[in-house]
Amino acid sequence: MNASVPRGRKAVARLLFGAALAALMAVSTGGAATAGTTVDAGPGSGSTVSSRTDAYLKDTSSDVGFEPHGAILSSFFNSPDVKVCPNTSPGCVHSNPVVGSTSYIHANLRANGPYGTGVSFGTLKAYYTTSGGGANWPGDWTPIGSRTIAVAPGGVTSTFITWPNVPSLGHFCILLRWESETDPMLFEGPATSINTQYNNNIVWKNANTVSVGGGGIISDRPFALANALNVAAPFDLAVRPLAEPVPGLRLVADLGPELFARWQRGGQQGEGIRVVGRSQIEFADPQRATIKGILINPGERPVLKLSFSAAQPLQKSYGLQITQVGPLREPGESFVVGGVDYTIEPGRPQA
């Protein structure tokens, strides 16, 4: 994290999202508790909280709570402080939730962020949406549950939210919001990507495990797109390895008839791709493959299908990132608006 960020937040905002968003930022802190304000800590607490508190969750491993978090080129949508597990054990490993089961969303809330001290009292709220790139707040998100807790100074408070009867969607993006009277949001608009980076009490968890067996056996995953503008705009779908390339991986995006027709009308643009069916596009070069110019209308969230397969079984796990790239505030911009970090692991496909 750049150490100059806290003294020049507006300058950073202009660098990341342009002057218009910086102007919105300037008026977004209304309602924050100011220094010297005494706030009731809540029923049964027996105490009050003075001035501004600041509990936060990490967007990335290097995040220390500054707003905005300047990780525009990193996986700001895969918080290390969130994991979904089949049990309540704090030592569990993040996994895909099983449809119909009860899962548990674990979170780490960190005390003493850069904008306040003292005990933070508030409510942690969890939401889900279809796994994918952009997602608009609040319309694309469905509530899961919440937990009201106190975050004590000097450490990390771990908690979980129960997710009963996981719906049949199967693969999800998770959003967590820490809501506190003494720890207000800095800025919120329709784009979840902006909200996540501008509020250290909002985090996004888009991570999915894909088991890839040999012999061309296919694992399918949904990938949803969104547009936070009030006009239609073209977006790109880009694939990059998180470290070394996945050997022998075949990755195909099925846009479906409508999205494919829009892509054709936009000039069938792309890099490192080839058409392999009526609406299917293969990412032939996963080092730099991008489908460019998919037109997305405001207010819609179309879902395409990603198919993963390999000629031979993998010998270890690999990381692969798929992002939606396009405008956040006005047409013509090019930013990562969301995405998913996939763990491609050996084995047979799983639901």
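Taking the condition of being over 23 Å from residue 201 (Cβ atoms) and modelled with pLDDT of 95 or more, how many residues in segment 93-129 meet it? First the steps, then the outcome.
The first filter runs over segment 93-129 and keeps only residues over 23 Å from residue 201 (Cβ atoms), leaving 93, 95-102.
Keeping just the survivors that are modelled with pLDDT of 95 or more gives 102.
Total satisfying the criteria: 1.
Within segment 78-103, take every residue that is in contact (Cβ under 8 Å) with a residue 24 or more places away in the chain, of a type outside the set (Ser, Thr, Tyr) and open to solvent by 30 Å² or more (accessible area, probe 1.4 Å) and give me the one that is farthest from residue 228 (Cα to Cα). In this case the residue turns out to be 90.
With open to solvent by less than 40 Å² (accessible area, probe 1.4 Å), in contact with an Asp or Glu (Cβ under 9 Å, 6 or more places away or on another chain) and farther than 20 Å from residue 208 by Cβ as the only criterion, which of 302, 327 stands out? Sole residue among the options that is open to solvent by less than 40 Å² (accessible area, probe 1.4 Å), in contact with an Asp or Glu (Cβ under 9 Å, 6 or more places away or on another chain) and farther than 20 Å from residue 208 by Cβ: 327. Look at (1) assigned to a strand (DSSP E or B); (2) open to solvent by less than 30 Å² (accessible area, probe 1.4 Å) and you find that residue 227 fails only one, number (1). Within segment 104-121, the residues that satisfy the criterion of being surrounded by 23 or more Cβ atoms within 10 Å (Cβ to Cβ) and either free of Cβ contacts under 8 Å to residues at least 60 places away in the same chain or within 18 Å of residue 175 (Cα to Cα) (or both) are 105, 107, 109. When segment 75-121 is limited to residues that are under 19 Å from the mean Cα position of the chain (by Cα), part of a loop (DSSP other than H, G, I, E, B) and of a type in the set (Gly, Ala, Ser), the one that is nearest to residue 167 (Cα to Cα) turns out to be 95.
Annotation note: of 188, 258, the sole residue that is closer than 30 Å to residue 110 by Cβ, among the acidic types (Asp, Glu) and open to solvent by 20 Å² or more (accessible area, probe 1.4 Å) is 188.
The values are calculated or read from the model by the stated rules, or taken from the named source; none is laboratory data. Predicted model, so just to flag it, every value in this text is computed and none were measured. Counting neighbours? That spans all protein chains shown, and the Cβs are built from the backbone with ideal geometry, glycine included. Just the protein is used for accessible areas: all its heavy atoms, side chains included, with ligands, DNA and RNA removed. Shrake-Rupley method; radii C 1.70, N 1.55, O 1.52, S 1.80 Å.
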